[in-house]
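Worksheet: the structure to be examined is printed underneath.
The values are calculated or read from the model by the stated rules, or taken from the named source; none is laboratory data. Bear in mind the structure is a predicted one, so any value in this text is a computation, not a measurement. Using ideal geometry, Cβ is built from the backbone for each residue, glycine included, and neighbour counts are taken over all protein chains shown. Surface accessibility is based on the protein's heavy atoms, side chains included, excluding ligands, DNA and RNA. Shrake-Rupley method; radii C 1.70, N 1.55, O 1.52, S 1.80 Å.
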Amino acid sequence: LQELLCQREEPSHVQSSPDGQHLLVLQKSRPPPLPRVVAFQRQGIGGAELERNWQPPQPALVGLLFLQSPVTSGSWVLAIVWEHGRTEVWHFVVAVGWQLLQTLELCQGARARIISVCSQGASLVWCEERPPLDAHSDMSKCAFRFCICTRALEVGEQGVRLGTVRIVLHNSPEYQVLASPQHVFLVPAAASFATTSKFLLIWHPEKAKLTITAPSAGFIHRKVLHSSSESDFRKLLLGSVGLLSGLAPLDIHTSAVSNSGGLLLVSTKGAVNMVEPDGTQRHIFDLEGSPLAQGSPVQLKTFGRILACMLAGVLYLVNQNSGRLIEKKILSMREVHFLESPGEEDSIQLLTQTGIYSFTLSKPEDSSRPEPCLVEMVFEEACRYYQRRSLSSSKLTVEKLKKGGVFQAPVALAAILQHNLRQKQKPARGLQDTYAKLLSTMTLELQSYMSLELLKTCVVCAPESEVESYCEELVEQEVSRVLHSDMDKDNLAYLNSIFASFPKAAWKATRSCLQLQQNGDGLLVARATPEVWKKVLGGPQQEEGQNGVVPLFELICTSFLRFKPKWLPSFVELTQQYVSISWAYSSKEGPEGRVPLYKRALGVLARKNKRSEADDEMELELLLCSKRPKAVLQALHLLICLKRWQRVVEVAEKFSKLSPLLNKEIFTTLLAEFAQHRELDPYLDTLWPLCPAELTASDILTVVLQHLPHSQEDPVPFSSEGNQLTVGLLKPLLQRVVQRPCVQDEMYSDALQSPTFPPPTPPREH
């Protein structure tokens, strides 16, 4: 094996069986020697080694697949697949070696060509090219000359049996097929059309379902393939073309399948991401260095929770759950092949030209201690903090921060954390006096941090039945922490993600932080501190919806609408009361100086997908709870349009007491309605007392005459419709106005009622 690796001219393809017992080396060198495949046994279990070479006219080799043999447990079957569809099936027998079982033809057409192949369960899945019969066909049609096929391959005692060919996808572009235990990922080839290289396909064989996903854009669409007509590629995308056309093409340099069943993608910028089988994407790590060239190989392999990346002689070991770099090793050789190491998750086996090496990860004494990562986070956060406030153009790094000696705050905090978290019994031993004093003031914060870390561990390890309760507690602590810290754009974006991911838990956390509850009279009360109120109503000065981030007040209003809509008007009224106390009226610094709070709540209501009668009632309540003249009049006009006359009269009677100007506007509006129809006649005894003192009889008659309905016929003394306004209906109002004392009489009433002789002279002051 060592001689074979050292004598080759071009990089070989090395593959091991899932149990790590067999090694395959594909030598792609040009003749001499001839291209060949060589199989080795690692544990010396005996038997002849497999060696296959072929003459250059024979098509290229496209796949080496290890299949589990159902005949003998622990025995493997090797399928060697060539480009034209010919497949050799070899079986390994202990003490005998590799034996050829059968030679098969996967493809049905003579002109078909296999581009990529993988094994999924007991079936083979491949991407097949079917060239058009006409050599001068349109290039756009030629781009969709591929199809995705699958075929069962059963190995038994009687030999190998192939099932019928089933086409998963017709008329598709070129794809690379990668199989996980339950799914098959279809990754677009580098030479695909720009339109088709914007998304991935994920095939779920058991559910007969295809998932279209553009992970970076958050687009996911699923379709069940009920019949063969629905498996046409162009029909599959028919409903998503408009959305996909505006997306950027996928940036894929290298792809591989992880042991957890996800798809690992490395971009040309060095970003390593994981695409889950449901189509969602998660960022893991960023490789260092300049952008990756097309020819520079990147090897990926997962060992338990560890992701191993090999790039240009540098080995990166990353925790794929947290994305933390565990170790970085510079190797003396640039080309290394990862081997399977089943049962040894903490051991990574490497094949090089000089032999097979095992790399074992060191286990800390207490793996639950978070102090190394925590200390690094302190310095990283300090770098960002000082860099934002620095006038220098030079970049501040963690190393400069540790060695410079200028910034003492992160150094002191790191020392306190190291001593407090490691020496739980004597946390202050070895600390400077100044650090010890600082530690005594930070004790409560450190305890809060440790309880939060413990709660996160409980969330990860808890059974499904308890996860929800732990998540609610975690969300409550996070929302409370953010509300008691600086509400910058990062924290606001973080709150948006919390409310989007855990809406119910975020609602409960909001109620707890604001201490919202109903009193004995059924009124909503809040006992939040002024600092929390300022975070709710203030926050970063940005327009609503900028970069998809919604202000906190709108987030809370959305939660009210979803979980407790009846409380929303009372909450808006509470916020207005706090604003009137904390900020001057129409102050530009306060929230009311930009957009009134009731309008912001109405904006949240307007963004609901489905409108209902309850939403119309909510709009009225929000307008009325603001007690602003324009909003009250708007609500009054809405009620008039809805012909809810009882509610119209109730609103007029309640809000006419707020101000004389609003009283006059309300009464004039209702008087105009009274002149047009007879719907308000039953409520005249309630309306006439609302008449403002400054309105005279002539003013009333002017309003009535301006709003009388225009009749198409000639006026007659007595109408058959019975809906005309008569003097008898107006008589009580006019009598009330005429009998009311004049405003000028009231001005001089004191003088008219004074005694005839002058009042006594006031005493003089010496």
>> Going through S172, S227 one at a time, which residue ends up being among the small types (G, A, S), open to solvent by 40 Å² or more (accessible area, probe 1.4 Å) and either within 27 Å of P131 (Cα to Cα) or modelled with pLDDT under 80 (or both)?
In response: S227
>> Just the residues that are of a type in the set (S, T, Y) and either at pLDDT 90 or above or open to solvent by less than 30 Å² (accessible area, probe 1.4 Å) (or both), please, taken from the stretch 592-636.
In response: Y598, S626
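Within the stretch 500-521, how many residues turn out to be assigned to a helix (DSSP H, G or I) and open to solvent by 20 Å² or more (accessible area, probe 1.4 Å)? Steps first, please.
Step one: of the stretch 500-521, the residues assigned to a helix (DSSP H, G or I) are 500-501, 503-514.
From the residues that got through so far, the ones that are open to solvent by 20 Å² or more (accessible area, probe 1.4 Å) too are 500-501, 503-504, 508, 511-513.
Matching residues across the stretch 500-521 total 8.
Quick check on L636: is it over 25 Å from L537 (Cβ atoms) and assigned to a helix (DSSP H, G or I)?
Working: over 25 Å from L537 (Cβ atoms): yes; assigned to a helix (DSSP H, G or I): yes.
Answer is yes for this residue.
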> Is there any pair linking a residue in the stretch 500-524 that is in the same structural domain as P565 (by the TED database) to one that is open to solvent by 80 Å² or more (accessible area, probe 1.4 Å) and part of a loop (DSSP other than H, G, I, E, B), with Cβ under 7 Å and at least six apart or on different chains, and which?
Replying inline: Q515/R527
> Within the stretch 456-489, can you find the residues that are closer than 18 Å to F553 by Cβ and open to solvent by 30 Å² or more (accessible area, probe 1.4 Å)?
Replying inline: S480, H484, S485, D486, D488, K489
> Within the stretch 670-699, restricting attention to residues that are of a type in the set (D, E) and not in a helix (DSSP H, G or I), which residue is farthest from the chain's Cα centre (by Cα)?
Replying inline: E694
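How many residues, within the stretch 155-169, are crowded, with 20+ Cβ neighbours inside 10 Å and under 20 Å from E88 (Cα atoms)? Reasoning before the result, please.
Initial filter on the stretch 155-169 (crowded, with 20+ Cβ neighbours inside 10 Å): 155, 168-169.
Okay, now just the ones that are also under 20 Å from E88 (Cα atoms), so 155.
Count: 1.
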> Can you pull out the residues in the stretch 727-753 that are open to solvent by less than 70 Å² (accessible area, probe 1.4 Å) and modelled with pLDDT of 60 or more?
Replying inline: G728, L729, L730, P732, L733, L734, V737, R740, C742
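Within the stretch 253-264, is even one residue open to solvent by 70 Å² or more (accessible area, probe 1.4 Å) and under 24 Å from the mean Cα position of the chain (by Cα)? Steps first, please.
At the first step, the residues of the stretch 253-264 found to be open to solvent by 70 Å² or more (accessible area, probe 1.4 Å) are 259-260.
Filter once more, keeping what is under 24 Å from the mean Cα position of the chain (by Cα): 260.
Yes.
Look at T702 and say whether it is assigned to a helix (DSSP H, G or I), in contact (Cβ under 8 Å) with a residue 24 or more places away in the chain and out of contact with any Ser or Thr (no Cβ under 9 Å at 6 or more places or on another chain).
Values: assigned to a helix (DSSP H, G or I): yes; in contact (Cβ under 8 Å) with a residue 24 or more places away in the chain: no; out of contact with any Ser or Thr (no Cβ under 9 Å at 6 or more places or on another chain): yes.
The answer is no for T702.
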>> Being in a loop (DSSP other than H, G, I, E, B) and of a type outside the set (A, V, I, L, M, F, W, C): is that true of D486 here?
In response: yes
> Which condition number does V649 fail, the rest of (1) surrounded by fewer than 20 Cβ atoms within 10 Å (Cβ to Cβ); (2) under 40 Å from the mean Cα position of the chain (by Cα) being met?
Replying inline: (2)
>> Against the condition assigned by the TED database to the domain that holds A409 and under 22 Å from the mean Cα position of the chain (by Cα), how does K489 come out, does it pass?
In response: no
